[in-house]
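Presented below is the structure to which this report refers.
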Amino acid sequence: MKTGGVQPIPDIHIGRAYDQRDPECEIHYETFGRLADFFGRNTPAHRHYCFFQIHLLERGSINLNLDGQVYAGKAPLLIFTPPTIPHAFYSEEDSDGHVLTIRQEVVRAWFQSMPGQWPESLLREPAFVELADVAETPSYQRLLAWVQLLQQEFGQDEKGRAAALLALGQGILIELARILTAHGTSTVARPERSEDLRVFLSFCDLVEAHFRDHLTLTDYAGHLKVTEARLNDICRRMANRPSKEVVHERLLQEACRLLRYSAVPVTEISYQLGFADPAYFSRFFTKRAGMPPSQFRAAEHG
């Protein structure tokens, strides 16, 4: 039975909604101006489930609603938006800069490869930072240089492109973390929304750690000390999808990555992903990708 009430905040998948060249890419780049012209200079509230987003504005100004907090600022400025955090903005016609949209598993893998460097909260809280007072510092100049190199790499199709994008993206994340920790941010944790978001992000962390183990939803809920029904409700409100689909999407994403970038046989991939039966893996993949794993690999390498 459907009930009235507030509509869910739309989830925008940049690769599918905007750029069809590589809709499932791990790191997406576009200029702020082109995205604003496509989605509108007055962009209503939306979120990006399972993606981090970095805005680096070099010119113009922006009025931003970031997770219910309102900001206004002039370039140069930095906006860091973790997955599922709602945001809306209005920008002037001359506003431009860079927008990076990065899959959460990529960012978490980078973060985990540098244990103890930065607090866990860095990946959980959005940030709005005006950079006028640091625009001439080496840290900002390095960040801008990394972003410009990634922009060039994203726009071409040379061998090693995917690996180069990952390497450049990690450099950007490191400089971003340095700036956020050295200069502070314009946001603080918001207790009134923190519990559901904490549960959802903790669930995403658990999925990242255990998706190959094929834990049941009861297992995940138990780790999080919530009921399975509440976990499912939180996922539907935060990501517009049930908790089971969050797990299955992560499995599918890893399967696609292995099929694209490795020569490992499909049977071995199924075992690496925790499937005891390669035939079941093939059915799982075909149902969600629209084609068998071998056909997907052939299409990617064709």
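Some values worked out for this structure:
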item: Residue among Gln148, Gln156 that alone is assigned to a loop (DSSP other than H, G, I, E, B) and over 30 Å from Leu273 (Cβ atoms); result: Gln156
item: Answer from Asp196, Asp233, Asp219 - the residue that is at pLDDT 95 or above, assigned to a helix (DSSP H, G or I) and either surrounded by fewer than 18 Cβ atoms within 10 Å (Cβ to Cβ) or of a type in the set (Lys, Arg) (or both); result: Asp219
item: Single residue of Ala255, Ala239, Ala289 found to be within 21 Å of the chain's Cα centre (by Cα), hydrophobic (A, V, I, L, M, F, W, C), within 30 Å of Leu78 (Cα to Cα) and surrounded by 14 or more Cβ atoms within 10 Å (Cβ to Cβ); result: Ala239
item: Of residues in the stretch 65-88 being assigned to a strand (DSSP E or B) and buried (at least 22 other Cβ atoms within 10 Å of the Cβ), the one modelled with the lowest pLDDT; result: His87
item: Test: Thr181 is modelled with pLDDT of 95 or more, of a type outside the set (Phe, Trp, Tyr) and either assigned to a helix (DSSP H, G or I) or under 21 Å from the mean Cα position of the chain (by Cα) (or both); result: no
item: Residue check for Val246: among the β-branched types (Val, Ile, Thr), more than 29 Å from Phe200 (Cβ to Cβ) and crowded, with 17+ Cβ neighbours inside 10 Å; result: no
item: So Ala263, is it modelled with pLDDT under 90, outside the structural domain of Phe51 (by TED's automatic domain parsing), at negative phi and in contact with a strand residue (DSSP E or B) (Cβ under 7 Å, 6 or more places away or on another chain); result: no
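The values are calculated or read from the model by the stated rules, or taken from the named source; none is laboratory data. Everything numeric in this text was worked out from a predicted model, so none of it was measured. Because the Cβ atoms are built from the backbone with ideal geometry, glycine has one as well, and the counts that use them run over all protein chains shown.
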